[in-house]
Structure formats: C-alpha cells, structure tokens
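The values are calculated or read from the model by the stated rules, or taken from the named source; none is laboratory data. Keep in mind it's a predicted model, so treat the numbers as computed, not measured. Note: ideal-geometry Cβ built from the backbone for every residue, glycine included; neighbour counts use all protein chains shown. Just so you know, the surface numbers come from the protein's heavy atoms only, side chains and all, with ligands and any DNA or RNA stripped out. Shrake-Rupley method; radii C 1.70, N 1.55, O 1.52, S 1.80 Å.
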Amino acid sequence: MEEVFGETMCETWYHLVDAVMAGEDTFACPDQHTYDWVMGQFPERCFPVLTELIDYAYDREHSVVDGVASFTWLVPPEEAAVRIAEFADEIEGILNDALEDDYSDFEKALALYDYFSTHYEYDYETYERMYKEYVEDVKSITFFNEGMGVCQEISTAYSYLLMQAGVEATTMMGLDHQWSYVRIDGHNYHIDPTFGISTKGSLA
C-alpha cells in the first residue's frame, strides 16, 4: 500500500484508525486530497468493518481544517467498538482454522485459497443485478457477514486476510473483474480467489 499511496497517506490512515479506536471523530490529516483517498480507499482494503461504522464528514468539501480532518459515525462509538471486537474475533478464527503457525507465505496463500473454495459461495444473484443496476453494498464486509460475494468482495477479503497473516497483498482490476495481487518471497503474483470459489477444487 505504501508503494502505491505513499508514506503520508499511510501515516494519515494510522491516525484515522487511532481516532476510531479511541471513539473520536477527528484525526491529523494534511489536506483534502489525502483525506479523500484515505477515507475512500483504505477502510475497504485495510479494515473492512469500518465501512459499516464511519463515513465522510457531513461537509465533505471542508472536512480538513488546519491539518485536522473529521468523519461521521454511522453508529455510536460504543457500538462500533463492540463490532470491531467481534470482527477481530471472526478474522482470528478464520486464520486459526485455515493456517498453521509454521506456514510459509506461499503456504498461507494456498491454504487461504483452499479455505475460500470450501467455505464461501459465489453470489450469482448480485452478479446478475450488477449488470442491470447500481449495487451499493458490494463490500468485503458483506462477504464476511453473508459468506458469499462477487469478485470485488472476494478478492478484497482474501487480500485482507493475507495481510493479517503477514503477507503483502492488495487487489487489481481489469475487464470488469478484480483479483488479488500478492508478494511472496520478493516476487509478485496474481491470484484469483473468485475462480477457486466458482470452480471448486481449482487453482488460479
């Protein structure tokens, strides 16, 4: 993430997470451009449950004043803390089920791929709807909550779990499809967990 977005945006993201965990609604942010990218890109990729808990400031055009940014709580901070803890327990449970302590990064990627193929389903109904209308709730947290999803949700969830397991990962998109992009032993790989879910027992 830092290679793509830069050190300033990553530091600002940490400020946002610190604010959320403290139940606050402001955080240090240098400018509006950084705010828009951090609020728009980082929660879904790096802390999926936040997409259900916070949103942009009401006055988005003036959300950064003198190096301080604000955001809006979608639920009370106390409720958010409970949901964050529940999400953390869920993620820890998945990783404990799928991985062993001595797994290499390659083994982690393969084990989570296999876990996805046997524990989750492809959401064909949402896939069909997306070609007819705008579908708002295409998020990785929906995938974790419902156990099914489309490629955007699946690949983001897979990459997120890899990151939580200590493997560098993000997503890439092209030709109406999204997949995971993973760094293992200094080499970058394209991995498509959606293929594993929709074609059981296959590798991609």
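Per residue of the chain, what 222 nm ellipticity follows from adding -39500 (n - 2.57) for every DSSP H run with n ≥ 4, rounded to the nearest 500? Intermediate values should be presented prior to the final figure.
On the way: 9 runs with 105 residues, N = 204.
Rounded to the nearest 500, it is -16000 deg cm²/dmol.
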Checklist entry - Given a Förster radius of 45 Å and the C-beta distance between residue 135 and residue 187 as r, what FRET efficiency does 1/(1 + (r/R0)^6) yield to the nearest 0.05? => result 0.80
Checklist entry - Between residue 78 and residue 11, what length comes free when the chain is fully extended (0.36 nm per residue of separation minus the Cα-Cα distance, one decimal in nm)? => result 21.6 nm
Checklist entry - Please state the Cα pair-distance histogram of the range 108-178 with 10 angstrom bins from zero: what percent is in each bin? => result 20, 53, 24, 4
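Which whole-number value in Å² is the accessible area per residue of the chain, probe 1.4 Å?
On the way: 11130 Å² over 204 residues.
Per-residue accessible area for the chain comes out at 55 Å².
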Next on the checklist: Under a crude label model (7 Å from the Cα following the beta-carbon direction), how far is residue 199 from residue 68 in nanometres?
Outcome noted: 5.5
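Would you mind giving the average projected area, over all directions, of the Cα convex hull of the range 1-120 in nm² with one decimal?
Values: hull surface 34.7 nm².
Orientation-averaged projected area of the Cα hull: 8.7 nm².
Per the Cauchy relation, a quarter of the hull surface: what is the mean projected area of the convex hull of the alpha carbons in the range 63-204, in nm²? Walk me through the numbers before you get to the answer.
Values: hull surface 44.9 nm².
The directionally averaged projection comes out at 11.2 nm².
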Checklist outcome for this item: the chain, Gaussian network, Cα under 10 Å: of 86, 136, 153, the residue fluctuating most is 136
Checklist outcome for this item: Here the residues of the range 18-50 lying in the modelled label zone of residue 85, meaning backbone nitrogen under 11 Å from a point 7 Å along Cα-to-Cβ, are none
Item to check | Selection from 22, 56, 124 lying farthest towards where the dipole of the chain points positive, charges on Cβ | outcome: 124
